[in-house]
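Let me begin by presenting the structure, written as structure tokens, before commenting on it.
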Amino acid sequence: MSDKAYLKIDDLEVSFPVETGTEGDRAIDIKTLRSSTGGIVTIDPGYKNTASTRSKITYLNGEAGILRYRGYPIEELADQSSFLEVAYLLIFGELPDKATFEKFVADIKDKSFVNEEMKNIIDGFPRSAHPMGILSSMTSALTAFYPVNFDFNDKEELYKIIVRLLGKFPILGAWAMRKRNGWPLTYADSSLSYTGNLLKMMFEKPMEPYKVNEISAKALDKLLILHADHEQNCSTSTVRLIGSSHAGIFAAISGGVSALWGPLHGGANQAVLEMLEQIRQDGGDVQKYINKAKDKSDPFRLMGFGHRVYKNFDPRARIIKKYADEVLADLGVEDPLLDIAKELEQAALNDEYFKARKLYPNVDFYSGIIYRALGIPVEMFTVMFAIGRLPGWIAQWKEMRENNEPIGRPRQLYIGPRERHYVPIDKR
Ligand code: SDX
């Protein structure tokens with residue numbers, strides 16, 4: 001295979017190096033394009049054909065439906081690891097030994113509280129505020145309480161910031177739910193696991209002790225693993241772009257939360273449940289909604305279906321679908337929406353429109369069924385996604401800074417008016 005690509009334009013012929021990645025994926029390095037062609041750039045809205053970086057963190061193969069974190073298959077990690085161990089792997093690049101991992105967990109627990117004065121900020125939100133809006137704002141507010149103008153090369157300082165974020169972020173997520181319920185904002189319990197504590201923070205009521213259901217805690221831990229990273233998706237690219245200006249990590253993560261909120265991205269898990277509920281209330285006629293999704297004059301999309309990279313099954317959707325049956329059975333939960341989801345999936349997978357466009361269920365299609373079985377309200381589903389994605393955002397931000405990547409500043413193709421001159425208002 002050639003290690004050069006040639007571009008012929010006008011009377012110019014220029015060549016560019018072709019790089020090959022670990023798994024054989026290839027990229028044309030166009031860093032000399034503008035300078036060697038007198039200012040010509042490429043244009044690629046949505047970056048469908050553009051790699052923004054070189055990364056060692058996560059490998060996706062969309063055609064084969066492969067997902068690996070630092071080389072480890074997602075199936076093995078979901079089956080054998082834990083969320084905090086996966087967080088360590090993503091952020092620091094290797095699975096930790098026992099002593100290192102125990103210290104990592106203890107350091108996160110030690111940071112699992114939030115400055116009391118931050119309650120004044122959350123008190124300012126109306127109870128109707130969407131938890132993702134609260135989470136994004138409160139994450140950015142961490143900068144005010146924990147200034148991050150630190151020396152990035154100070155490994156100790158960097159480690160402290162990382163465990164601080166991992167400790168406080170789920171608290172802020174749980175507080176967003178408690179604010180919505182009008183419940184007092186409580187504190188973490190260091191005797192519990194990461195997800196046991198998250199469940200307690202979300203559900204405990206002041207008048208009675210909260211008993212963690214270990215089935216629920218394990219299910220949530222597995223879901224967080226499955227959401228932990230996904231290479232250069234919309235919210236991760238946002239985190240990298242904000243971080244590239246050397247804005248603080250809390251500001252970058254806050255931007256990632258906002259990008260994830262969109263219904264085309266992480267907000268899809270909430271939109272899937274709302275869609276399934278709409279189908280149920282509409283008599284369960286899945287074909288009607290398949291037809292709506294295919295009708296170009298109808299803005300309706302089949303939420304939880306399709307993916308920019310996966311043109312085969314999203315491996316996470318496979319795992320979650322199988323796991324949903326297990327968790328609902330273990331919890332003794334019957335959910336008609338699961339049956340509707342399976343019927344909808346079958347109808348879509350056998351429909352020419354979806355087959356031709358290689359549209360398969362993605363990570364968001366079944367995750368909400370499990371969140372619902374755990375009693376998590378639908379407006380908190382994307383907060384769960386954010387808590388899961390946090391280690392990935394941190395890992396990607398850290399890699400971008402370690403590589404001293406330049407500030408992200410894309411070019412454009414200008415198609416606006418030519419030069420023209422100001423006309424005073426009484427002459428227009
Ligand atoms: C996540 O990038 C990541 O890795 C994201 C994520 C992660 O872990 O970070 O995996 C998490 O965001 C998963 C995706 C969640 N979003 C949804 O489920 C929303 C519904 N899906 C779509 O909106 C869409 O599939 C996207 C946004 C996910 C992908 O959009 P693309 O890659 O820009 O594809 P497209 O919109 O150009 O669609 C190609 C064709 C179009 O039809 P034609 O113009 O070719 O006729 O497929 C159609 C689209 O209309 N299409 C759909 C569809 N998704 C694509 N038609 C109906 N229903 C859908 N869901």
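The values are calculated or read from the model by the stated rules, or taken from the named source; none is laboratory data. Since we're looking at a predicted model, the values are computed, not measured. Note that each Cβ is placed from the backbone with ideal geometry, even for glycine, and that neighbours are counted across all protein chains shown. For the accessible areas, the whole protein counts, side chains as well, though only heavy atoms, and no ligand, DNA or RNA atoms are used. Shrake-Rupley method; radii C 1.70, N 1.55, O 1.52, S 1.80 Å.
Exactly one residue among TYR360, TYR353 is surrounded by fewer than 24 Cβ atoms within 10 Å (Cβ to Cβ), modelled with pLDDT under 95, within 13 Å of the ligand (Cβ to nearest atom) and not acidic (Asp, Glu), and that residue is TYR360. Would you mind stating whether VAL327 is surrounded by 15 or more Cβ atoms within 10 Å (Cβ to Cβ), in a loop (DSSP other than H, G, I, E, B) and more than 16 Å from the ligand (Cβ to nearest atom)? So VAL327 fails the test.
When PHE92, PHE125 are screened for being over 23 Å from GLU405 (Cα atoms) and either touching a helix residue (DSSP H, G or I) at 6+ places or on another chain (Cβ under 9 Å) or away from the ligand (no atom under 16 Å from the Cβ) (or both), only PHE125 passes.
Working only within region 399-424, note down all residues that are open to solvent by 20 Å² or more (accessible area, probe 1.4 Å) and not in a loop (DSSP other than H, G, I, E, B).
Correct list: ARG401, GLU402.
Evaluation of THR382 against the conditions (1) open to solvent by less than 40 Å² (accessible area, probe 1.4 Å); (2) in a helix (DSSP H, G or I); (3) out of contact with any Phe, Trp or Tyr (no Cβ under 7 Å at 6 or more places or on another chain) shows that the sole unmet condition is (3).
When the residues of region 138-150 are filtered to those that are in a helix (DSSP H, G or I) and within 19 Å of LEU166 (Cβ to Cβ), the one that is modelled with the lowest pLDDT is PHE145.
With respect to the conditions (1) more than 16 Å from the ligand (Cβ to nearest atom); (2) part of a loop (DSSP other than H, G, I, E, B), ARG372 lacks only one, and its number is (2). Within region 312-324, the set of residues being in a helix (DSSP H, G or I) and either open to solvent by 20 Å² or more (accessible area, probe 1.4 Å) or within 13 Å of the ligand (Cβ to nearest atom) (or both) comprises PRO315, ARG316, ALA317, ARG318, ILE319, ILE320, LYS321, LYS322.
Residue by residue, here is whether (1) over 19 Å from TYR414 (Cα atoms); (2) surrounded by 16 or more Cβ atoms within 10 Å (Cβ to Cβ); (3) away from the ligand (no atom under 16 Å from the Cβ); (4) in contact (Cβ under 8 Å) with a residue 24 or more places away in the chain holds:
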position: PRO17; (1), (2), (3), (4): yes, no, yes, no
position: ARG26; (1), (2), (3), (4): yes, no, yes, yes
position: ILE30; (1), (2), (3), (4): yes, yes, yes, no
position: THR37; (1), (2), (3), (4): no, no, yes, yes
position: ASP44; (1), (2), (3), (4): no, no, no, no
position: TYR47; (1), (2), (3), (4): no, no, no, yes
position: SER55; (1), (2), (3), (4): yes, yes, no, yes
position: GLY62; (1), (2), (3), (4): yes, no, no, yes
position: ARG68; (1), (2), (3), (4): yes, yes, no, no
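Between ILE134, ILE162, ILE121, ILE225, the distinction of being in a helix (DSSP H, G or I) and open to solvent by 10 Å² or more (accessible area, probe 1.4 Å) belongs to ILE121 only. When restricted to residues that are surrounded by 15 or more Cβ atoms within 10 Å (Cβ to Cβ) and assigned to a helix (DSSP H, G or I), region 86-118 contains 14. Residues that are away from the ligand (no atom under 15 Å from the Cβ) number at least 1 in the following helices (runs of 4 or more DSSP H) confined to region 238-305: 249-261, 268-281. From (1) in contact (Cβ under 8 Å) with a residue 24 or more places away in the chain; (2) open to solvent by 30 Å² or more (accessible area, probe 1.4 Å); (3) within 14 Å of ASP107 (Cα to Cα), pick out the condition that doesn't hold for ARG180. Exception for ARG180: condition (3).
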